[in-house]
Amino acid sequence: MNYIYDILLNYNDYAYDIFEWNKSDKITHVRKIPLIKLKTYDLLNFINKNIKLDSEFLLKIYKKTELFNKKNIDYAFVGTDGKIVIAFKIEKGKMKYSQLFLDEENEVLDFSVNLTFTDIKYNVINSKNRDYLVTRNEKMMKKYIYDELKKIKDIEKLNFLYLECFNKKSENVIIDIYKDLNSNFDNIYVKFYKILKMTMIKR
C-alpha cells in the first residue's frame, strides 16, 4: 500500500478550502495515511454523494492511518485522480473530508503520477444536499438566519426586514424567505443577515 507522510488535515462534513479553516477547528497531524489513486468518476462520487464503501476495502485501510500522538484512525485515506486531492475519514458510517495544504497537495499529485488506479466497490446511497457548493461563511449566515427566524413572532417585523432587503412586499413572508434562502444565497441575503443581526442585538 502507498502512503503519504506528515500532513495536516481538518476533517469536516465538507472539504473546506484552507482559507476557510477556523482557529477552533480540530486539526489532525497525520504521520502517515494510505494514498489511493481513483478514477475521476469515482472520486467525484466520493465527494458529492453519500456512499457506502465495500467492507473489503475498509478492511485494507483499517488502522493504517497513524497520527503523531501515536493513535490510529480506524478508516481513512487520501484519494486523488491526479488532479484533485481530498482526504477522507469514515466515522460511524459517515464520510468526513479535508483538503490539504498546497505544498502537501502538490506532493500527492507528483507522487500519484506513477500510481495505478484502484477500483473500489461502493454503493451510492443518494446525492448530497447542494450545501456543499456553499462556502463555510455562507453556511454560518444561513444557519443564523434560520435560527433567528424561528424566534421572531412579529410578522410586521419580518415584513419590514423583507421589504428592506428585497425591495418588495410578500403575502407570506416566512415562506418566501425560506424559499429564497433554499434556492440561492447572494449579496441580498448577506444584507439580510447583517440587518437581522443588528435587529437581534438591539432587542
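Values in this text are rule-based calculations from the coordinates and carry no lab data. Computed from a predicted structure; not experimentally measured. No Cβ is skipped: glycine too gets one built from the backbone with ideal geometry, and neighbour counts run over all protein chains shown.
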*Using 7 Å Cα-to-Cβ label points, what is the residue 1/residue 149 separation (nm, one decimal)?*
4.5 nm
*Please sort by residue number the chymotrypsin sites (Phe, Trp or Tyr not before Pro) in region 1-75 whose DSSP state is loop and whose Cβ has at most 11 other Cβ atoms within 10 Å.*
68
*asked:* At a 10 Å Cβ-Cβ cut-off, how would you order 141, 1, fewest neighbours first?
replied: 1, 141
_Fewest-first sequence of 124, 108 by Cβ atoms within 10 Å of each Cβ_ = 124, 108
*Taking neighbour counts of Cβ atoms within 10 Å as a proxy for exposure, in what order, fewest first, do 104, 56 appear?*
56, 104
_Exceeding 30 Å between C-alpha atoms, which entries from my cross-link table qualify? They are 26/143; 94/194; 49/139; 49/169; 23/157._
94/194; 49/169; 23/157
*Note, ³J(HN,Hα) from phi for region 91-100, Karplus 6.51, -1.76, 1.60, rounded to Hz, x at Gly and Pro*: 10, 6, x, 10, 7, 10, 9, 8, 7, 10
